[in-house]
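Asks: My questions will all concern the structure given below.
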Amino acid sequence: MTIKEYLKKFEEGDERALSKIITIIENGYEESKEILEYIGKRTGKAYRIGITGPQGSGKSTLIAKLAKRLLSKFKEIGIIACDPSSPFSFGALLGDRIRMNELFLEKGIFIRSMATRGSLNGLAYKTKEVADILDAFGKEIIIIETIGVGQVEVEISNLVDTTIVVFVPESGDGIQVLKAGLTEIGDIFVVNKSDRIGADILFYELKNLIEMSYQNSKWKPPVILTQAVNNYGIEELEKEIINHYNYLIENNLLEEKRKKAVIRELVNNFENEILKILWQSERVKKLFEKVVEEVWEKKITIEEGVKKLIKEVKYVK
Amino acid sequence: MEKKKIKILIAKPGLDGHDRGAKVVARGLRDAGFEVIYTGLHQTPEMIVNTAIQEDVDIIGLSILSGAHMTIFPEVLRLLKEKGATDIHLFGGGIIPDEDKEKLYQMGVGKLFDPGTKISEIVEYINNLFKEKVSE
Amino acid sequence: MSNKDWEELEEAYKKWEEMVKDLPECTLPSFSTISNIPVKKVYTPLDIKNFDYLRDLGFPGEYPFTRGIRHTMYRGRLWTMRQFSGFGTAEDTNKRFKFLLSHGETGLSVAFDYPTLLGRDSDDPMARGEVGVCGVAISSLRDMEILFDGIPLDTVSTSMTINGPAAVIWAFYLLTGEKQGVPFYKLRGTIQNDILKEYIAQKSYIFPPEPSLRIIVDIMEFASKEVPKWNTISISGYHIREAGSTAVQELAFTLMDGFTYVEEGIKRGLDVDTFAPRLSFFFNAHLDFFEEIAKFRAARRIWAREMKNRYGAKKKESLLLRFHTQTAGCSLTAQQPENNIIRTAYEALAAVLGGTQSLHTNSMDEAWALPTEKAVLIALRTQQILAYEIGVTNVIDPLGGSYYVEYLTNKLEEEAYRYFEKIEKMGGMVAAIKAGFPQREIAEAAYRYQKEIEEKKRIIVGVNEFVLENEKIEIPLLKIDPEVERRQIERLHKLRRERDNIVCERKLKELKMAARSNENIMYPILECARVYCTLGEIINALKEVFGEYKEEAFF
């Protein structure tokens, strides 16, 4: 099938075409450009929810239950589940779907697992693009799950409208939570597996922490107790997501937030491109090697070397 | 340009819960550099095919030890056909007598591995299938 | 031995070690048990320095029962030769039972098909293609009546491998006895009823752990009053091992499961001595001969000690770890299947030297399909040769006192206690299971074992060495007629037409009410079974109350 045919099928709502198009983007095939042009004009309708939190916090189960609930209000839901690639074999074992079994036969739900393939921010490289594709396809809600290995996964908050941060009693004390840098990005906090010992302590610690860090903010992130396996607390989670959505709308923040994300992406890509252009320049490369030697032989300092290189930049076309 | 990653769905259909083989194979394939989707136990053919399509996998591997292979393999093939996804390969492993294997091969099922197969043999089989795709 | 004697021995050993250390070793790249316990060239008294005969071994039939649970062991009574069987419809299996009984088998053991194991009727959509395939399909009391037709239940003991729906299947059996005129108290047998290992390994669970444990305690309580000769739980390491665990993990997780059941019973307020004597065990006999023997011996010693010291059991019967053994299904190879006869024989020998109370020997063709009559007969003959021809039954625990075996027994015990400690820190076995701990440990061991085989660190004859090119399998295989499914469904539909459906509905409603209260659930289950409510109907009613368990996959 040609790319035109795929896009036509995509427009007709064909899941297989959607799936194939995601694959093209994920692998960076040459048709990507054409697809992204097509997709770019059609995004902006879907509401995006991000779910992050440490491994084993029950993110996938939470998503399964949440999606099931949301199905009574929305017909079309897309889910992106990120899992880490092995740094040794570059393979990946994508197991998030196991906990979403109950969604496999739900019409309107599309789940895609993505391996990080070396990306280090908790998301797969093309997560944003795949979310755009789902958006253009007509998904009303898109839920993105980070890998959750414990490091700071703040990137997610730039991709979505509402960020949910999930903890479990085992996640450790409040200090640990602060360190993880996750309190700053959450719009909603969840203490999952709340039947386990230590859940109430974590709950109050989180509440205090958030009250302190959000003193001057209009939006005070709620903390919710859930037991995803038993479907407990999911209703409240849904309610808070809607509250957050209303808050963004009423304060004209949704557009602002999304615009910020666009700016960020533009800056990132711009910077990356510039770097690429710079390093492709033979003159820069030659000068760089020279500077390295000079610094190594202690003829000049690093700072002086940088200055020399900057001077060269303006000759790059 | 990045190389195409081969995506594999490893599924355990039916009621049988012996997932030792499926899990060992899933892990082994990961360690061989593939991206492997594992969906857990008790999958119906519909669930398997839906997953395969959404994930756009290149190949499905079914682990069947319960003797239900003559029901499940043909049903998965039928659904793949129905959904226009015949480009997705189907292979499997488990306790499948030669006679049944022959019948399944004729229907279009790919290689069926016996108990005791080395993971490296499965890796080799998959790599051979997708030789062109990988060197793209 | 005096200090001087020890010193002399130590010196002599060192000397010998020095002498042989550079001699080439050839057979394997590394020397360790299947559980990866490294093994030395030779064992001496130095390896069991703190050995105390009376404390560590004692005499057969005496605490701590390391040497066996009976005073006379096989000189008094041989083990029960019990071949697990079941396939097709109840009629087919009934025929196989009669065949086995007529060839000298002394106990029956029922294998159920997957739908039955998961509490589903034969006409359940998920059952398609699996009815009667891996065992016999039993959807109602009617099927059970046919299964034991012409077999007086007061003359046999019957073991049933059933877990999630154990209460229901047991009710079918009890009522079958009743219909034959055999009262409950005369019935002898075992239901596996070990739900914890289902979450850990075999995955035939239905309800979440808490209600499952409640049902199990209900069964223990019911049996202690009404069916006193029945073994209410067969705490099983077999499946844990089949899922890829090491011998140490099998030992540790199984005993830990056992302790959990004991604690649940005590929590209910039952006197430990009323139910503990009816707990039995079920272990795997794998290929590593000495390690397996050590495992059985260590299991007996640990169980007796903990039952006595930790749970305060007073009766001797409560301290005895009685066990059934099955040779390792996972050690059978699809390649050169006849070789499996030999593997099974060695494994069976380990079970007998380990003091098993009953034994199932696998048939050579089981890597391929359910066994044929011929293959089952060879498997049974293997046991009979062991029992009557080679003299191993003459002396009790003949390996007791072997430096190596005693060392390994201690070592396995030590490693098991290490696991107990870890699991207790997690908050007990149920918490550990929910966190995926035993599952992960087993998955890891299974993967390591597979890699060892691929890298030829372990040799499996016919699989990674001594392979036959273009091997043709020449054993006849038992095939299940697809007609079985159709006939079974037909019978089920007929049953639903003929029974009193109004009574059935009422009984099911009563069952749900009982499930919501804390009344013993066995009584309403018997009521349902008696009016021919089906397995699926009863289980579904309970699912409404208890919910269903969903597992995460742990790699």
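Asks: Treat every Asp and Glu Cβ in the range C:300-378 as -1 and every Lys and Arg Cβ as +1, leave all other atoms uncharged, and give the resulting dipole magnitude about the Cα centre to the nearest 20 debye.
Replies: Computed charge dipole of the range C:300-378: roughly 940 debye.
Asks: Go through A:20/B:81; C:229/C:507; C:186/C:225; A:73/A:239; C:203/C:507 and tell me which ones have a Cα-Cα distance over 19 Å in this structure.
Replies: On the way: A:20/B:81 17 Å; C:229/C:507 28 Å; C:186/C:225 13 Å; A:73/A:239 12 Å; C:203/C:507 29 Å.
C:229/C:507; C:203/C:507, as the Cα separations exceed 19 Å there.
Asks: For residue C:486, what accessible surface area do you get with a 1.4 Å probe? Give it in Å², rounded to 10.
Replies: Counting only protein heavy atoms, residue C:486 exposes about 110 Å² to solvent.
Asks: Take the eigenvalues of the Cα gyration tensor for the protein assembly as shown, scale each by 5, and report the square roots as semi-axes in whole Å, largest first.
Replies: The equivalent ellipsoid of the protein assembly as shown has semi-axes of 53, 36, 30 Å.
Asks: Report, in cubic angstrom per residue, the convex hull volume of the C-alpha atoms of the range A:1-96.
Replies: With only Cα atoms used, the range A:1-96 gives 142 Å³ per residue.
Asks: Ignoring ligands, DNA and RNA, please state the percent of accessible area on chain B from carbon and sulfur, probe 1.4 Å.
Replies: 51 percent
Asks: In nm, give the distance between the simple-model label positions of residue A:271 and residue A:41, each being 7 Å from the Cα along the Cα-to-Cβ direction.
Replies: 3.2 nm
Asks: Another one. Against the 2.2 N^0.38 Å scaling, with N counting residues, where does the range C:90-214 land? I'd like the Cα-based Rg ratio to two decimal places.
Replies: 1.05
Asks: Continuing with this model, one more query. For chain C, with only Lys/Arg (+1) and Asp/Glu (-1) charged at the beta-carbon, what is the dipole magnitude about the Cα centre, in debye rounded to 20?
Replies: Magnitude of the dipole: close to 1360 debye.
Asks: Give me the 1.4 Å probe accessible area per residue for the range A:264-313, excluding ligands and nucleic acids, in Å². Could the numbers behind the result be given before it?
Replies: Working: 4300 Å² over 50 residues.
It amounts to 86 Å² per residue over the range A:264-313.
Asks: Same structure, new question: Starting from the Cα of residue C:149, step 7 Å along the direction of its Cβ; do the same at residue A:69; then give the gap between the two resulting points in nm.
Replies: Placing both labels 7 Å along Cα→Cβ, they lie 5.4 nm apart.
Asks: Can you give me the % of accessible surface on the range A:259-317 that is carbon or sulfur? Probe 1.4 Å, all protein chains present, nothing else counted.
Replies: On the range A:259-317, the fraction of accessible area on carbon and sulfur atoms equals 64 percent.
Asks: Residues with amide H under 5 Å of residue A:109's amide H, sequence separation 5 or more or different chain, H placed in the peptide plane at 1.01 Å from N; which?
Replies: A:77
Asks: With θ taken as phi - 60° and the coefficients 6.51, -1.76 and 1.60, list the Karplus ³J(HN,Hα) couplings across the range C:226-242 in order, rounded to whole Hz; mark glycine and proline as x.
Replies: Per-residue couplings from phi come out as 10, 10, x, 8, 8, 8, 7, 9, 10, 6, 10, x, 3, 6, 4, 5, 4 Hz.
Asks: If each DSSP helix of 4+ residues adds -39,500 (n - 2.57) and the sum is divided by the residues in chain C, what number results at 222 nm, nearest 500 deg cm²/dmol?
Replies: Only helices count here, giving -15000 deg cm²/dmol.
Asks: Moving on to the next point. Running Debye on the range C:452-555 with equal point scatterers at the Cα sites and no solvent, what base-10 log of I(q)/I(0) appears at q = 0.14 Å⁻¹?
Replies: With no solvent term, the Cα-only Debye profile gives -0.75.
Asks: Another question about this same structure. Rg and Dmax of the range C:178-222 over Cα atoms: what are they, in angstrom?
Replies: Taking only Cα atoms of the range C:178-222, I get Rg and Dmax of 13.6, 39 Å.
Asks: Please give the direction-averaged projected area of the C-alpha convex hull for chain A, in square nanometres with one decimal.
Replies: Across all orientations, chain A yields a mean hull projection of 20.7 nm².
Asks: Step through the table entries A:8/A:33; A:4/A:68; B:83/C:472; A:75/B:83, compare each Cα-Cα distance with 27 Å, and write down the pairs that go over it.
Replies: Those over the limit are A:4/A:68; B:83/C:472.
Asks: How large is Rg/Rh for the range A:183-228, to two decimals, with Cα atoms and a Kirkwood Rh?
Replies: Dividing the radius of gyration by the Kirkwood radius yields 0.99.
Asks: Also: Give the span of the range A:264-313's Cα atoms along each principal axis, as three whole-Å numbers ordered largest to smallest.
Replies: Taking max minus min along each principal axis of the Cα atoms, the range A:264-313 gives 39, 21, 16 Å.
Asks: Let me ask you something else. For residue C:188, what residues show an amide H to amide H distance below 5 Å, using hydrogens built from the backbone and excluding near sequence neighbours?
Replies: So residue C:188 has HN proximity to C:158.
Asks: How high is the relative contact order of chain C, in percent, with contacts defined as C-alpha pairs under 8 Å that are six or more residues apart?
Replies: Answer for chain C is 18 percent.
Asks: Write down the accessible area per residue of the range B:7-134 in Å², having rolled a 1.4 Å probe over the full set of protein chains.
Replies: Ligands and nucleic acids excluded, the figure is 32 Å² per residue.
Asks: Right, here's the next one. Checking an interface number: how much accessible area is buried between B and C, summed over both chains, with a 1.4 Å probe, in Å² rounded to 100? Display every interim value, and only then the final one.
Replies: Details: alone 7730 and 23990 Å², together 28490 Å².
In total, this chain pair buries about 3200 Å².
Asks: Would you list which lysines come within 20 Å of residue A:317, measuring only between C-alpha atoms, while excluding same-chain residues fewer than 8 positions from it?
Replies: A:276, A:285, A:286, A:307, A:308
Asks: Could you give log10 I(q)/I(0) at q = 0.15, 0.25 Å⁻¹ for the range C:422-501, computed by the Debye formula over C-alpha point scatterers of equal weight, without solvent?
Replies: Log-scaled intensity ratios, in q order: -0.81, -1.13.
Asks: Please list the non-local residues whose amide H lies under 5 Å from the amide H of residue A:167, H modeled 1.01 Å from N, same-chain partners needing a gap of 5 or more.
Replies: Excluding prolines and chain starts, which carry no amide H, the hits are A:190, A:191, A:192.
Asks: Starting from the exponent 0.38 and prefactor 2.2 Å, build the expected Rg for chain C from its residue count and divide its actual Cα Rg by it.
Replies: 0.99
Asks: How big is the range C:1-111 on each of its three principal axes, counting only the C-alpha atoms and giving the largest first in Å?
Replies: 69, 40, 20
Asks: Positive end of the dipole of the protein assembly as shown, charges at C-beta (+1 Lys, Arg; -1 Asp, Glu), about the Cα centre: which of C:42, A:225, A:116 has its Cα farthest in that direction?
Replies: A:225
Asks: A further question on this structure: List, by residue number, every residue in the range C:459-496 with a reduction of 50 Å² or greater in accessible area between the chain on its own and the complete protein assembly, 1.4 Å probe.
Replies: Relative to the lone chain, where solvent access is computed with a 1.4 Å probe, the range C:459-496 loses at least 50 Å² at C:479.
Asks: Jot down the per residue volume, in cubic angstrom and as a whole number, of the convex hull over the alpha-carbon atoms of the range C:382-442.
Replies: Per-residue hull volume (Cα only) is 144 Å³.
Asks: Then there's this: Which GluC sites (Glu not before Pro) does the range C:167-235 hold that lie in a coil by DSSP with at most 14 other beta carbons within 10 Å?
Replies: Sites meeting the loop and neighbour criteria: none at all.
Asks: Could you rank A:279, A:296 by how accessible they are, 1.4 Å probe, largest area first?
Replies: A:296, A:279
Asks: Give a residue-ordered list of calculated ³J(HN,Hα) values for the range C:379-396 (Karplus: 6.51 cos²θ - 1.76 cosθ + 1.60, θ = phi - 60°; whole Hz; x for Gly, Pro).
Replies: 4, 5, 4, 4, 5, 5, 4, 4, 6, 10, 9, 9, x, 6, 8, 6, 10, 7
Asks: Let me ask something else. Counting other C-beta atoms within 10 Å, and keeping those with at most 12, which DSSP coil GluC sites (Glu not before Pro) do you find in the range C:1-105? Present the calculation step by step, with values, prior to reporting the outcome.
Replies: Values: sites: C:7, C:8, C:10, C:11, C:17, C:18, C:25, C:62, C:91, C:105; in loops: C:25, C:62, C:105.
Taking the range C:1-105 and a limit of 12 other Cβ atoms within 10 Å, the loop GluC sites (Glu not before Pro) found are C:25.
Asks: How high is the relative contact order of the range A:45-251, in percent, counting Cα pairs under 8 Å that sit 6 or more residues apart?
Replies: Taking the mean separation of contacting Cα pairs over the length of the range A:45-251, I get 26 percent.
Asks: A further question follows. With every protein chain left in place and a probe of 1.4 Å, what is the accessible surface of residue C:527, to the nearest 10 Å²?
Replies: 70 Å²
Asks: To the nearest 20 debye, what charge dipole does the protein assembly as shown have about its Cα centre, counting +1 at the Cβ of each Lys and Arg and -1 at the Cβ of each Asp and Glu?
Replies: Approximately 1000 debye in magnitude.
Asks: Which one of C:164, C:480, C:298 is farthest out on the positive end of the charge dipole of chain C, using unit charges on Cβ (Lys, Arg +1; Asp, Glu -1) and the Cα centre as origin?
Replies: Comparing the listed Cα positions along the dipole, C:164 ranks first.
Asks: Given a 1.4 Å probe and no ligands, DNA or RNA in the count, how much accessible surface is buried by A and B, both sides, to the nearest 100 Å²?
Replies: In total, this chain pair buries about 2700 Å².
Asks: Please list 3J(HN,Hα) in residue order for the range C:436-442, calculated via the Karplus relation 6.51 cos²θ - 1.76 cosθ + 1.60 where θ = phi - 60°; whole Hz, with x for glycine and proline.
Replies: Listing the rounded values in order: x, 5, x, 4, 5, 4, 5 Hz.
Asks: Stokes-Einstein at 4 °C, 1.567 mPa s, Kirkwood radius from Cα pairs: D for the range B:7-134 in µm² s⁻¹?
Replies: My calculation gives 90 µm²/s for D.
The values are calculated or read from the model by the stated rules, or taken from the named source; none is laboratory data. It should be emphasised that the depicted structure is a prediction, and the values quoted were computed from it without experimental measurement. Cβ atoms come from the backbone with ideal geometry, glycine included; neighbour counts cover every protein chain shown. The area values use the complete protein model at the heavy-atom level, side chains included, leaving out ligands, DNA and RNA. Shrake-Rupley method; radii C 1.70, N 1.55, O 1.52, S 1.80 Å.
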